[in-house]
Amino acid sequence: MLFLFIMLDKSIILLSGGMDSLLTLAIAIEQKKIPFALHINYLQNTQKKELVAYNDICDYYKLPEEQRLVIDIDYLAKIGGTSLINNEIIQEKNHSDIPNSYVPFRNANILSIATAWAEVINANSLFIGASQVDYSGYPDCRQVFFDAFEKAINLGTKPETKIKIVTPLMEMTKADIVSKGIELKIPFELSWSCYFDNDKACGICDSCKLRLSGFNKVGIKDPIPYNSL
């Protein structure tokens, strides 16, 4: 039985607790992957709520403890430079149209951790819910970045290790994500997307605006509570 488990199609799912990562998990399950859910704490403003969302989603899909991993990397907070960690930094665009909610090279850090776990458990893919259609303009959310990082992974791991980065939402709008989520009956009410608040979503940060636009375009109400609505 152990041999069969090792040989099955296992995938690491980067599960922040947001609606995009929730749908990504559901898609991996739909594709008959065995999901191993990775969650990262980096002292972000909504760390407490995101962790609750992560655990609630894992419970909903009945993931056993051995298929869950929570990692703390507070060094991103020490490096700083993002309004996702420091609320005193006003969220705004800079000269290159990249908002200061961008966490410098965050996805590379997370993918590196995911790769290490994948090697240990013999997973052959990493699923991440990035989109380059309706998104905040982060450079590490583009397909060209993931293609390059996949090459780096396979150059920097054991010769027998072959890991693919899967981005099922890459060409989806927020409305597409909501529609697909409805199709797969995902529990949107368990997810959390707000950058700044832990009780009720602020409704005004980039992430809230994008999320609300998706629900509005589909014509249904977002089930999570908002301060501004």
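List of remarks:
- Amide proton proximity set for N41, modelled H, under 5 Å, gap of 5+: I71, D72, I73
- For the chain, a Gaussian network of Cα nodes joined below 10 Å ranks S136, S21, S193 by mean-square fluctuation, and the top entry is S136.
- When the pairs K49/K78; K48/K185; K49/K162; K10/K209; K32/K174 are compared against a 28 Å limit on Cα-Cα distance, K49/K162; K10/K209 fall above it.
- For segment 96-191, applying the loop criterion from DSSP together with a ceiling of 10 other beta carbons within 10 Å to the GluC sites (Glu not before Pro) yields E160.
- Whole-Hz couplings from phi, Karplus 6.51/-1.76/1.60, listed for segment 206-211; x for Gly and Pro: 3, 5, 5, 4, 5, 4
- Calculated Rg and Dmax of the Cα atoms in Å (choose from (i) 20.0, 81; (ii) 16.3, 51; (iii) 17.1, 56), label: (iii)
- Amide H to amide H, with H built 1.01 Å from N, D134 comes under 5 Å of K174, counting only residues 5 or more places away or on other chains.
- Euclidean distance between Cα centres, segment 166-202 to segment 97-151, Å: 17 Å
- Neighbour net charge for H39 - beta-carbon separation under 11 angstrom, K R +1, D E -1: -1
- Helical runs (DSSP H, four residues minimum) scored at -39500 (n - 2.57) apiece and divided by the length of the chain put the mean residue ellipticity at 222 nm at -12000 deg cm²/dmol.
- Listed residue (G18, N124, L38) projecting farthest to the positive dipole end of segment 2-218, Cβ model: N124
- Modelled FRET efficiency - R0 30 Å, T161 with Y75, Cβ distances, 0.05 increments: 0.70
- Computed from Cα atoms, the angle from the helix 19-30 axis to the main principal axis of the chain rounds to 30 degrees.
- The mean sequence separation of alpha-carbon pairs under 8 Å and at least six residues apart, normalised by the residue count of segment 2-218, gives a relative contact order of 25 percent.
- Förster radius 30 Å - calculated FRET efficiency between K48 and K217 (Cβ-Cβ, nearest 0.05): 0.50
- Sparsely packed trypsin sites (Lys or Arg not before Pro) within segment 1-74, loop by DSSP, other Cβ within 10 Å at most 16: K32, K62
- Taking amide H as placed 1.01 Å from N in the peptide plane, the amide H of G17 sits under 5 Å from that of L22, each at least 5 places away or on another chain.
- Lys, Arg +1 and Asp, Glu -1 on Cβ, resulting dipole of the chain about Cα centre, debye, nearest 20: 280 debye
Quick note: the coordinates plus some simple rules give every number you see, no bench work behind them. This structure is a prediction, so every number in the text was calculated from the model and none was measured. Note that we place each Cβ from the backbone using ideal geometry, even for glycine, and neighbour counts take in every protein chain shown.
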